[in-house]
1. Treating the point 7 Å from Cα along Cα-beta-carbon as the label, what are the nm separations from residue D:37 to the other copies, to one decimal?
2. P(r) of the protein assembly as shown in 10 Å steps, Cα pairs, percent per bin?
3. With each label point set 7 Å from Cα along the Cα-Cβ vector, what nm distance links residue C:107 and residue C:292?
4. Taking only the Cα atoms of region A:186-230, how large is their convex hull per residue, in Å³?
5. Report the convex hull volume per residue for region B:126-189, counting only C-alpha atoms, in Å³.
6. Output needed for region A:75-189: three equivalent-ellipsoid semi-axes, defined as square roots of 5 times the C-alpha gyration tensor eigenvalues, in descending order, whole Å.
7. Provide an ascending nm list, one decimal, of label-point separations from residue B:214 to the equivalent residue in each further copy; define each label point as 7 Å from Cα along Cα→Cβ.
8. Let me confirm one metric for peptide D:52-59, namely the mean number of other chain beta-carbon atoms within 10 Å of its residues' beta-carbons.
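Just so you know, all these numbers are worked out from the coordinates, no wet-lab data involved. The structure presented is a predicted model; accordingly, all values stated were derived computationally and were not measured. Cβ placement follows ideal geometry from the backbone for every residue including glycine, while neighbour counts extend to all protein chains displayed.
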């Protein structure tokens, strides 16, 4: 009964189906019929003109998106627990050719305009200090918390005022959108680029980088190739994404994962370290309690010394979820 | 009837099968059972200890392999028509942090020790000129020609004498090995690292970087992650590779592609610009002749003004191949 | 009466003299007689075999030194107020090809083993998080405080135990050594590389990167050239450094600057934010007090809202120093 | 009697004089009075608005200029014997973050529009091949030959038509301008940026990067700092440049060097491999002849097996020049 992560979950049958249907020779790279549908698919989804590129990982998606905003001598501001800072093996430094990440604080791994201001206001103008060029946030955040449309709009307005691009790491964008139950565009309101994650949500190996200024995508196509991310059988990448977007599968899967997390969260009660809004549950528990849970067959990560992180996936089995909820209640 | 490239061909059913069998949650990244089999699988194949990493593209494979040999202030020598020089969008410059490619000549897009020497001997020792650290060759070459074991050994001896690493871009290594009909290890004799291609030969999206010095792989694992190439559902990458290695599927597929090319090459006779050894045919033909072939439904690339490139894939249909051979004979 | 910084002070007459004496053609770059003396000069000074390279700025010196220790996918730990983090315009990201700086805390802008441990102990082993490869400290620190030999030895032992290189940014190494009044080697005990500053201390445009493992210098010679820092008339660089080392001029100048700071510090009394050990004085004072000082003709930088930074140079005029001391006493 | 290079020649007394006059504390970096004169000085010289930055080496100047034109995924076209390709230790790869140099041919180390076209016309549009963004030429060329204003205008028109920036490496721009005896602006007609060399022509350690679009300089100020090239006592850099520009010293020095080369060239007669237009003489001579010249006390570089390169500097002594001319005549 694994609640370690959603990142290794199964691939949804509908994704397999469209991938298999794509298995006849077509133009290589992103010249195939499916890849050429992507821009229109995201344009329809977000209700505004988009350009979208597939890549194999969220790390590549995030870094390519940021590369459209941050020059080598610049910086992006992110939360100090952001995935790009903590878990991408230094990829932003690689893709941005040495640009910096500036670290802001904030509850729930979310950042607000004043937290960004606290980081960038002390930066002296001029060449001695690295100047900010973008803000990167994670929707849902690394603690499974969701920016509300109003929070996003405030950040976007702040970013615009300061001349900063706004990037949304949407590794779990679907979970955030499902939680908000709003138009997809509202769940990333004001973003210039979105890393739209599918792998954690039923896909196999395709994420999308969505540019809300289609012009910005042009240069990134060169950067994607240069990073070795332009797969020759790109049709299988596009297939995954199109399958996920078809009939709202991305939302359905996210709702399933969120519901599982909510059930666990409800059982956790006062142990919760963060509100359960997406598909992650952080709960306070001792080493002995964690051992007890593991003894009952539950897999999850420790989160520091006194806590555990439990992640639900789109395919979480109801009986596993209920068993976990019961086990937590019984601690 | 497409002979444009092998890079967008279908995925072999056996690959699909193993991929689908891999679709239950396992450890993420390369901690899954299949990924952990890779080292042993290549060790068995090559009869010496290997460490192998999957990546999604040949570009990433080549660049990561070279990154184990070439520091940012160094250079690699390759043929002036090498894929890394001509077709990878500058990826070596990115992955190697600005290191150079030094370009050597040679018939059939192959390079010999004297061609490498001609490039590096004039380089003055010292800091003013970029010093070579590696040689990179392509097996089979960009013109579909195959290095014989003796040629490889001579290059390897030369490289060793000069303190250079030896990298083999094996995007079509299977076709070369099939042509040579020798032990796999002989087909890349003396290499320090091999980019072992599977995508053109029946795979979907997985290539292997094989290090013959397993120690060298350690640093490259960091570089792979940093390049955004560490997929979370890596089990599907490993599955493809293991499926291809199983029961010699990689060789069987390559033999099929080679046989198709041979049939076309035999029909081309005196038009051949290069011997047909792998699965590519370069033939001299006028624009009118190319138009005539296209008029009969054959797809292929022009190769400059007076030639055509035809590539056969593992799934080339016999009737298409025969039709093309007849059409060429009839020109 | 300027106490803004020591970085734009006059050039010492002895430096001018040796520079002018160097003005006859010699071998270019670092092949001249003076440049070839550097290794021996530092070897004599430190009592152990050294290799030394001149460069024009402390930024270049620091980054080249770190480049000998930190691979592109790695990190160096430094104080969060370290010059390399705060004031070098992102140069470490450039020279280290995207490697990270990990930020530690500590009083007086100094870091201790436990502060480094607090940063690196939580880093998970493996490729997802950037691994530390070096520690960089500043001697004297950015707050004008000096690491004692015992502190250095403890850090060096810690670094060695953890497999980390130790770099000392010695932009004001002379001031630290003068304060410690010990053998130069003790003032950077355990360092693998030292950026030995001369520009702030009477030089014009030459700093030295000193490698205590001479082998490490080899690769850095390539990096220096590649960074455009190999000047063709290098003899003028070496001349500055040799002039400073001659007869202990570097220490004499530093003592003069330190004495001036001590006089000011003594007058500041309880206003001092940090002990005055080198040539910088940080004192608490209101905006009105700062305005009053400026009204009397003293130039200096604000340090946040409620403090001022005053820096003395080797050529501080006694009457200016005394006047400032009196003015501060009278606040 | 050294004719090895002009790059280690003496510093002109007028340069020393202005440097020494600059030796009182002023604002650091480029905030001093002299540095703030540079834009105006070059604006006056070229008769159009310029922005100019000092740097210590031609390598840094060239690379910073190119960085204003070429993105990391792009390329610059230069002659295959260009200094940036052959002698800068890979600095363009470093400063341009992995961008490529594409190599064109041409007599006298000069390139013409058709040579550039021959390189870039075969480049397929799209992401697989690195796209050109700039052309870089050397004035005077690496063989001491000078682009005529008409040649420059033709190149500039071509570059503009193709959307390429035009960079002029003017390590010996003074020699070219002296030869052309035209307005300075004509000697670099159409350039977007000029690396204006002073070190070889009587300076000590200061070159200028001149941007004819002052906006372009903004970003490069960040890049200069980031490369460790923003010296704190920048006033000494500016002083050198202003001294050289004062009363046309730069042209007077260049004329002296050119005259010396002309005298030698006249003596060389039919041995000349290239016309002597600036201050370099390439002459055909056997190993025995070279030994004979060296036996008479002349220092110079071999240029391959059957030639010698002789370079005259601004301070070439008339008797040495005459002696060399006689010795060559007598061969």
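1. So the distances to the same position in the other copies read 3.3, 6.9, 7.7 nm.
2. 2, 9, 16, 20, 20, 16, 11, 5, 1, 0, 0
3. Between residue C:107 and residue C:292, the simple spin-label model gives 2.9 nm.
4. Numbers: hull volume 3.5 nm³, N = 45.
Given the Cα convex hull of region A:186-230, per-residue volume reads 77 Å³.
5. It comes to 82 Å³ per residue, whole-number rounded.
6. On the way: eigenvalues 111, 52, 27 Å².
The equivalent ellipsoid of region A:75-189 has semi-axes of 24, 16, 12 Å.
7. Values, ascending and in nm: 3.8, 5.2, 6.4.
8. Numbers: counts 0, 0, 0, 3, 12, 8, 3, 9.
Across D:52-59, the average partner-chain Cβ count within 10 Å equals 4.
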